[in-house]
1. Pairs please, first residue from region A:375-397 and within 14 Å of another protein chain (Cβ to nearest Cβ), second anywhere and assigned to a strand (DSSP E or B) and β-branched (Val, Ile, Thr), Cβ atoms under 7 Å, 6+ apart in sequence or on different chains.
2. Select from region A:131-147 the residues that are more than 14 Å from chain B (Cβ to nearest Cβ) and either β-branched (Val, Ile, Thr) or in contact with a Pro (Cβ under 9 Å, 6 or more places away or on another chain) (or both) and list them in ascending order.
3. Kindly indicate which of A:ARG80, A:ARG104, A:ARG70, A:ARG118 is among the charged types (D, E, K, R), surrounded by 15 or more Cβ atoms within 10 Å (Cβ to Cβ) and more than 30 Å from A:GLU48 (Cα to Cα).
4. For region A:288-372, which strands (runs of 3 or more DSSP E) that fit wholly inside it have 1 or more residues that are modelled with pLDDT under 90?
5. Give the residue, chosen from A:GLY229, A:GLY255, that is modelled with pLDDT under 90 and over 24 Å from the mean Cα position of the chain (by Cα).
6. With respect to B:ALA68, determine if the residue is assigned to a loop (DSSP other than H, G, I, E, B), under 22 Å from B:SER240 (Cα atoms) and under 21 Å from the mean Cα position of the chain (by Cα).
7. Can you find a residue that is within 14 Å of another protein chain (Cβ to nearest Cβ), surrounded by fewer than 20 Cβ atoms within 10 Å (Cβ to Cβ) and not β-branched (Val, Ile, Thr) anywhere in region B:198-208?
8. Do any residues in region B:382-394 that are under 27 Å from B:PRO195 (Cβ atoms) have Cβ atoms under 8 Å from those of residues that are aromatic (Phe, Trp, Tyr), where the two are at least six apart or on different chains, and which pairs are they?
Amino acid sequence: MIAWLALALAAQDVDELLRRLDDESIEARTEAADLLLRRGAAVTPALEKARAEARGELRERLGGLLERVRERERLAALLRPATRITLAADRAPLKEVVERLGARAPTPVEVAPEAAGRPVTVALRDVPFWRALEEICAAAGDVRIEPGELGVRIVPGRPGAVPRTNFDAFQVRLEGIYAVEVAELGTADRLRQTMVKLRACWEKGTRPSRVRAVLERFEEDGGKNALDGLDARPEAQSILREPGVGEELTLSFTGVPSEGAAKAALRAAVEVDFVLRWAEVTLPAPWTEGQARECPEFGVRVLDIDRVAGQLSFNLYVYPKAKPAAADVGAVLSVRDDAGKWTDSSFWSAGRAGDGVIVTGVVMTGAERPLKELRLRVPVEVHTERMTLDLPEVPLR
Amino acid sequence: MIALFALLLQDETLLKELEGSDIPRVYRALETLAAGSPDARAALGARAAASSGRLKSHLLIAARGPVAPARRITLAGPSRSVLEWAQELARRADLPLNWDALVDEKLPEVALEARDVLPFEALAALGRAADLGVSWEEGQILLFTGGYVDAPASRFGSTQLTLVRFKQERVVEFATPSRETAELEATLAFEPSLPLLEVLGARVLEARDDKGADVLAPPEAQEERPDAGPLARPEALIASSLTIKLRPLSRGARGLAVLRGEIDIRLPRALRRVEIARPETGATAKGRGFSVKVVSLIPQESRALLEIAILDEALRKRPVIVTGCRADGRRERTLTSLVEVPDQGPIRVMLEIQPRGPAIRLDKEPMVPLDLLRVEVAEDVDERALPFEYRGVTLR
């Protein structure tokens, strides 16, 4: 009875919010749209019905809102909200506390045997996963987080030694700074390079398609900015195909910190992309030079495709139509054999050519089965989470 | 009596030279002392016990006797073509030079004044005069134009240690203490006449940067050196890479004021030899204490693939050297690919033999049959030290 009443009240509430979408006040309309958005997919039928009945500006407004609700739904499947941890322990062994954490959060956490028995006393209430993990480590003392590709390990070490920032569902860490000088003796060839290694961490179940970082500041305590004079800010990106809980990125630049520098202020912008919508073109075999197919967003023309033994090499021209082709940003090329099995390209590169790009690469297909079709999927709608790792005092020695 | 006095006087002069700063001169004195009589060398050993530092190191090396007979050659004369000089150097020094890359080049004519020098000194003199690059590949010294690199080199007898690359790295990983490391990559080249079985590593005895800081790396825990074992020494081996660890240079330092040390190597103490004339599949031969069978010999384009079996149990754990020769005694290039030591049965050695330069034959014809196959087994190995020393090396 109470549930029925709640539903009825909620429906009434939605009707009211829909009415307020046509309010004369912009503030009222914006507030109503936000409240409807927060309700997610549950309001989709009501929005569709209202849109069908509406005219003019209201109809447009309702259409835009529907699109945003659907986008949020697609995003929810890729970007899971931070797991909130509520957990209390009084001198419980670390391993036991981590097992209880594991019952609440999907990310695998393993405790090194030598740290398993450390007593932990914590009282966590509605704390995001990464912060919860840190608080548990701090309470255990002399243990630290070591994030990997598929899970997290807790190992002996100084807790909190690694410079990092938590962003609700993410953690961004500065894993290391490597300054290398190489001299080819007897020649004038000298290489001086600094590599800044970052790791972006997320929870299991989050499925980003790309992570990218740009180093914006590297200013030594003596005032020298190592990035001055560079043609472009150091950047790196990874296209993510496999599920995991993080990715490492190395940002390199020419030059090494000054000999006397002890600290630096460092800032890096990190972007994590989630593909909300793909556009795709499929080309049926046999492939011939000049063969072309299009979808509303882009087109593909075969320049050259060759299969030798178990390896399919391809050269395709990808050109934009309605939206710019983003073939170099997380596109996926796959081939399907006659048994219906899809194999993704194991290597490829893309180079600008005119309005489009030339995509070159290989698919390791195995030699046995005939191939039926080739598919290129290109992200056309992307949600980006932006974070800034801002560290005013990073030790350089 | 006068002769003995003269000999003693000569030795004293040489001993004085050991302490000098002209490194080629120091090493020449060291070679001469090492070639002395057993009694004279015993006296050097006694003197080493009462010495210290650099002098002691040199005396100890000399007291052990010569590593290999050092040869000296002269490569001097008015302007001639670079190709002619290269051919003359190969002939005089018996170095496996390959000048294929020079044949179609427009080369300058150069004059040379390298008199009474080590073969590698003569090679460096030619490289410097004609701007030739040198690389050591598969038993050949490849010469090419326009690539002379004046890298620091220390030459002792039939060996040359060239410092190729310097690397200094600072690592800050926060979770662990930061660390700073420095190392030199070097190439030890040696004349094919030196039957070197193994390069065990470099020991640095003295290292100071140009700001006066000691950059000698802290000693690492001494690992027990494994027995030489049943390795097959590629006859064509003429170079080996080495890493020399140092402490990082001090602030403001640009290079090394001095770097001195020794390279530990293994040489055969005594070789037992078996020779097979005009070898073919199935041929066998018996020598003193061991016999050899040619399991297969397959001539291919410009090379021959060979598998031999050493049939005697007693020699299962000894280093092997296999050489393919011509009737005139000229050695071909023998590259060993695999030594198989099964629990039971004969040791098998897989080899590839290629014609020695001066030019690599690129024809499609099968390789001309060998006139002689020589298999040598080292009864025992000898560990020896080769000195190296550099002054004023620019690293940054």
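The values are calculated or read from the model by the stated rules, or taken from the named source; none is laboratory data. Since this is a predicted model, take the numbers as computed values, not measurements. Here the Cβ positions follow ideal geometry from the backbone for every residue, glycine too, while neighbour counts run over all protein chains shown.
1. Filtered contacts from region A:375-397: A:LEU389/A:THR165; A:LEU389/A:VAL172; A:LEU389/A:VAL270; A:PRO395/B:VAL172; A:LEU396/A:ILE177; A:LEU396/B:VAL172; A:ARG397/B:VAL172.
2. Residues of region A:131-147 that are more than 14 Å from chain B (Cβ to nearest Cβ), as a first pass: A:131-133, A:135-136, A:138-141.
Scanning region A:131-147 gives A:ILE136, A:ALA138, A:ALA139, A:ALA140, A:GLY141.
3. On the way: A:ARG80 fails: more than 30 Å from A:GLU48 (Cα to Cα); A:ARG104 fails: surrounded by 15 or more Cβ atoms within 10 Å (Cβ to Cβ); A:ARG70 fails: more than 30 Å from A:GLU48 (Cα to Cα).
None of the other options fit; the residue is A:ARG118.
4. Numbers: elements: A:292-294, A:298-308, A:311-320, A:332-337, A:342-344, A:347-353, A:356-364.
Qualifying strands (runs of 3 or more DSSP E): A:298-308, A:311-320, A:332-337, A:342-344, A:347-353, A:356-364.
5. Details: A:GLY255 fails: modelled with pLDDT under 90.
Selected residue: A:GLY229, the only one of A:GLY229, A:GLY255 that is modelled with pLDDT under 90 and over 24 Å from the mean Cα position of the chain (by Cα).
6. On the way: assigned to a loop (DSSP other than H, G, I, E, B): yes; under 22 Å from B:SER240 (Cα atoms): yes; under 21 Å from the mean Cα position of the chain (by Cα): yes.
Yes: the conditions hold for B:ALA68.
7. Narrowing region B:198-208 to residues within 14 Å of another protein chain (Cβ to nearest Cβ): none.
No, the conditions are met nowhere in region B:198-208.
8. Here the result reads B:LEU386/B:PHE156; B:PRO387/B:TYR27; B:PRO387/B:PHE156; B:PHE388/B:PHE156, each pair linking region B:382-394 to a residue that is aromatic (Phe, Trp, Tyr).
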